[in-house]
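Worksheet: the structure to be examined is printed underneath.
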Amino acid sequence: MTYDIHIVGGGLAGSEAAWQLAEAGFKVRLSEMRGGGDTTPAHHTDDLAELVCSNSFRSDDADSNAVGLLHQELRALGSLILREGDRHRVPAGSALAVDRDGFSAGVTAAVAAHPNITVVRERIDTLPDTPAIIATGPLTAPGLSEQIAAETGRDSLAFFDAIAPIVHRDSIDMETAWFQSRWNKGTSGRLPPGQTEDSPGLSSPDVGTDYINCPLDKDQYHAFVAALIDGEKTEYREWENVPYFEGCMPIEVMAERGPETLRFGPMKGVGLDDPRTGRWPYACVQLRQDNALGTLWNIVGFQTKLKHAEQVRLFRTIPGLQNAEFARLGGLHRNTFLRSPELLDATLRLRSRPNIRFAGQITGCEGYIESASIGLLAGRFAIAELRGETLAPPPVETALGALLSHITGGAEADSYQPMNVNFGLFPPIPGRTKKADRKKMYTDRARSALAEWLAA
């Protein structure tokens, strides 16, 4: 099969870019090295769009959250990633979390079945000379990384990404733990899998029940923090001497910042009513459903570089997890990304080789949805170019436009670091406004700007 464009990398960005191009009628060769004899330190399957860290796409609130707004914009543009995310949704309060296996299998099946896409399991070590999108992610194979570094004239920057542990649901002690979403903001009021109205920790089926909560009192919390700091960690190698990404900080690194840090981060107890005391716990560990069956739950915010045996020992000191059985333990891996603000143009083309676009986390965006968004935009820019047309970038007032602008010039290149979408990337709302109204004003303005862009 001949093809119009070559996409390298079958993660969220590459799969989304391939889908956009194929739906527009262009022939796509999608190269993915997993399944062809190669893999990465973080992946466990050969599926496209595998979720290697959390199973959450974060907030789905399109009125007051920049991530939720990005979800809405992707749905409006026919995103495959959001389509499959919605199809494989699991309860997670106001967030969009997915059954990770079902989601990846759904993306893989859709891409493989598309008549305009040929998936080839192969490793690509050189930059193509034909129209191409490089979406190899933060774990780009060494050969291609060296080619990119040689072409750009700079070494790639690097940071750590982290994987949270996953616990088997039936090993959690529900005499101690209970089901509740913070401030009772559940998605549906439905009971958790396998629960009845008389189950421990459930006072009413109308209470939000999308998280399992494990409470710690003051002494338990401080003992846990001390053990976390003293715990045996995996040794760092010389090449790992790089900064962490603030949004995916290892829990032991957070603990080292001060004894109360975790109580204002992943272990905060506010908005959670322990049914045994009627009060908020001093600290609390939350677990979020990780698959559709409700048999696997991940420990929210507990990415770590602790050795595996140390993780089992320490996490079993958490009330409710004393008998925990782990489906997966936490880990860290090194990620690489470009100095995109100085290397890429406004449509994600490499300035020195404009036949090549970059997409996804290798551009320095952070997060599943952000990665898919940049993949979608790279695909749409390529569609216009293949048609001999020009597509203007989405307005900076939109979530897509704000994220793209940051990557392609809005950030300082010398201090460039991975970034999630957030309202700080948007142009300020003019005039004096109440803080409480500002987020809704951002999202209303964004929807209007997106509609005008789509109509142009």
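Each Cα pair under 8 Å and six or more residues apart adds its separation to the average, and for the chain the resulting relative contact order is 21 percent. Relative to the longest principal axis of the Cα atoms of the chain, the long axis of helix 12-23 makes an angle of roughly 50 degrees. Just the protein heavy atoms count here, and of the accessible area of the stretch 261-320 at 1.4 Å, carbon and sulfur take up 59 percent. For the chain, the Kirkwood hydrodynamic radius comes to 22.9 Å, computed from all pairs of different C-alpha atoms.
For the stretch 241-361, the per residue solvent-accessible surface stands at 39 Å², with DNA, RNA and ligands left out and a 1.4 Å probe. Residue-wise HN-Hα couplings along the stretch 301-312, as the Karplus relation 6.51 cos²θ - 1.76 cosθ + 1.60 with θ = phi - 60° gives them from phi, are x, 9, 5, 7, 10, 4, 5, 4, 4, 5, 4, 4 Hz; Gly and Pro carry x. Kirkwood radius and radius of gyration were both taken over the C-alpha atoms of the stretch 73-113, and their ratio Rg/Rh is 0.99.
Here the stretch 272-337 has an Rg and Dmax of 14.3, 48 Å, counting Cα atoms alone. Among the trypsin sites (Lys or Arg not before Pro) in the stretch 4-102, those placed in a DSSP loop whose Cβ has at most 15 other Cβ atoms within 10 Å are Lys27.
Put simply, the amide H of Arg58, placed in the peptide plane, has neighbours under 5 Å in Leu96, leaving out anything fewer than 5 places away on its chain. Angle of helix 142-152 to the longest C-alpha principal axis of the chain, folded into 0 to 90 degrees and rounded to 10: 60°. When each of the peptides 448-455, 17-24, 145-152 is scored by the mean number of other C-beta atoms lying within 10 Å of its residues, the order from highest to lowest reads 17-24, 145-152, 448-455.
Projected onto its three principal axes, the C-alpha set of the stretch 363-413 covers 31, 21, 20 Å, listed from the longest axis down. DSSP loop (so not H, G, I, E, B), at most 14 other Cβ within 10 Å: list which chymotrypsin sites (Phe, Trp or Tyr not before Pro) in the stretch 223-299 pass both filters. Listed in order of number, the matching sites are Tyr236. Secondary-structure-derived ellipticity at 222 nm for the chain, considering helices only, amounts to -9000 deg cm²/dmol, per-run term -39500 (n - 2.57) for DSSP H runs with n ≥ 4. State, as an integer percentage, the relative contact order of the stretch 1-68 based on alpha-carbon contacts under 8 Å between residues 6 or more apart. Relative contact order of the stretch 1-68: 28 percent. Calculated from the alpha-carbon coordinates, the stretch 336-377 shows an Rg and a Dmax of 9.7, 28 Å respectively.
Please figure out what share of the DSSP beta bridges in the chain is antiparallel and state it in percent, rounded to the nearest 5.
Around 60 percent antiparallel, to the nearest 5.
Each residue of the stretch 91-102 is assigned a 3J(HN,Hα), and the resulting list reads x, 7, x, 8, 8, 9, 10, 10, 5, 4, 6, x Hz, derived from the Karplus form 6.51 cos²θ - 1.76 cosθ + 1.60 (θ = phi - 60°), x at Gly and Pro. Against the empirical curve 2.2 N^0.38 Å, the C-alpha radius of gyration of the stretch 41-128 lands at a ratio of 1.22.
When the listed pairs Lys268/Lys439; Lys268/Lys434; Lys218/Lys307; Lys218/Lys435; Lys233/Lys268 are checked against a 31 Å cut-off, the alpha-carbon distance exceeds it for Lys218/Lys435.
Helix 435-455 axis versus longest C-alpha principal axis of the chain: approximately 30°, rounded to the nearest ten. Expressed per residue, the C-alpha convex hull volume of the stretch 318-447 stands at 188 Å³. Given a cut-off of 18 Å, what percent of all Cα-Cα pairs of the stretch 298-365 lie beyond it? Of all Cα-Cα pairs in the stretch 298-365, 55 percent lie more than 18 Å apart.
The values are calculated or read from the model by the stated rules, or taken from the named source; none is laboratory data. Keep in mind that this is a model prediction, so the values were computed, not measured. Glycine gets a Cβ as well: all are built from the backbone with ideal geometry, and neighbour counts include every protein chain shown. Side chains included, ligands, DNA and RNA excluded: accessible areas come from the protein's heavy atoms. Shrake-Rupley method; radii C 1.70, N 1.55, O 1.52, S 1.80 Å.
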